[in-house]
Amino acid sequence: MHQPALTHVSVRQTYSRTDGVHANKPNRKGRLVGQRVNQLLFLALHATPLALFYIEINLLDWALCAGLYGLRMFGVTAGYHRYFSHRAFRTGRFFQFCLAVLAQSAAQKGVLWWAANHRRHHAASDTIHDVHSPVQRGFWYAHLGWWFGNDHNKTDLSLVKDFSAYPELRWLDRYHVLPFLGLALITFWIGGWSGLVVGFLLSTLLLFHATLAINSIGHMWGGRRFSTRDASRNNPVLALLTLGEGWHNNHHYFPSAARQGFHPLEIDVTYVVLRFLALTGLVYDLKPLPDRIMRDMRAPHSGNPAAL
Ligand SMILES: [Zn+2]
Ligand SMILES: [Zn+2]
């Protein structure tokens with residue numbers, strides 16, 4: 001069986017070496033203020049469904065909602081996750097910055113913060129060192145608690161040395177709400193108050209829970225093609241909602257691949273879009289699956305971990 005790049009042993013070494021090394025700015029007080037603002041925004045966002053009863057909604061609002069959900073989900077999956085966390089493909093410095101801006105317009109904190117915590121997750125999946133394991137701390141902690149609390153609001157730059165070397169990314173990470181606020185203004189300009197509430201805020205809320213469901217549901221409910229050392233699952237419903245991220249057991253088995261749907265029937269919209277972008281030259285070197293896994297996916301017994 002193929003071993004992921006970081007094993008549990010190497011993870012602990014990484015931890016003991018880097019734990020407590022948080023070179024981020026601003027300082028502790030600044031971080032706490034930032035976290036309080038995040039928490040308040042987070043609570044306010046959950047009042048959005050109530051506002052739907054008090055405003056007049058038109059077709060443009062729903063179109064904005066669907067469009068901004070899809071576009072920003074791609075920012076989360078292709079940007080935060082496959083590129084900044086796993087380097088599953090390559091791109092130029094300008095498009096790298098664009099991906100970071102798009103990802104951060106989803107209001108899921110800075111791109112360096114996201115990638116650092118996600119690398120931790122893979123390094124220690126479902127062990128006591130995992131950032132958000134439902135196996136260790138239950139569904140609600142994995143879904144919301146780790147995000148909402150103060151335990152993980154630091155960015156361990158030692159885990160993202162590759163990207164923290166770019167000053168523009170460090171700047172964007174520090175002022176991570178700017179893309180979110182900018183997109184809010186644009187949506188308001190296009191759709192007015194109803195556009196802002198339905199098109200922007202509601203899609204942000206849906207995006208938020210769909211993304212976090214990978215950490216909770218994606219480690220609890222679904223099939224397991226590969227006997228990985230974590231509890232990751234393949235969940236087709238989650239895969240549809242998250243443009244391919246629901247094939248989470250596949251992903252934990254081979255995290256650096258650009259695709260997460262390994263079988264032709266496992267719909268992975270993010271990968272399809274990346275393939276299209278590769279035709280334009282905006283992205284390149286999409287990391288493939290090893291031939292051995294591809295052969296097994298085509299075999300009649302694909303899905304049987306024993307065959308792998
Ligand atoms: Zn996971
Ligand atoms: Zn991942």
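Data overview
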quantity: Residue ID - nearest to ligand 2 (Cβ to nearest atom), chosen from residues in segment 79-97 that are outside any helix (DSSP H, G or I) and out of contact with any Leu (no Cβ under 6 Å at 6 or more places or on another chain); calculated: HIS86
quantity: Filter result for HIS132 (in contact (Cβ under 8 Å) with a residue 40 or more places away in the chain, surrounded by fewer than 23 Cβ atoms within 10 Å (Cβ to Cβ), over 20 Å from LEU181 (Cα atoms) and within 16 Å of ligand 1 (Cβ to nearest atom)); calculated: no
quantity: THR280 being farther than 15 Å from PHE74 by Cα and of a type in the set (S, T, N, Q); calculated: yes
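FYI, it's all coordinate maths here, none of it is from the lab. This one's a predicted model, so the numbers in the text were calculated from it and none came from an experiment. Note that we place each Cβ from the backbone using ideal geometry, even for glycine, and neighbour counts take in every protein chain shown.
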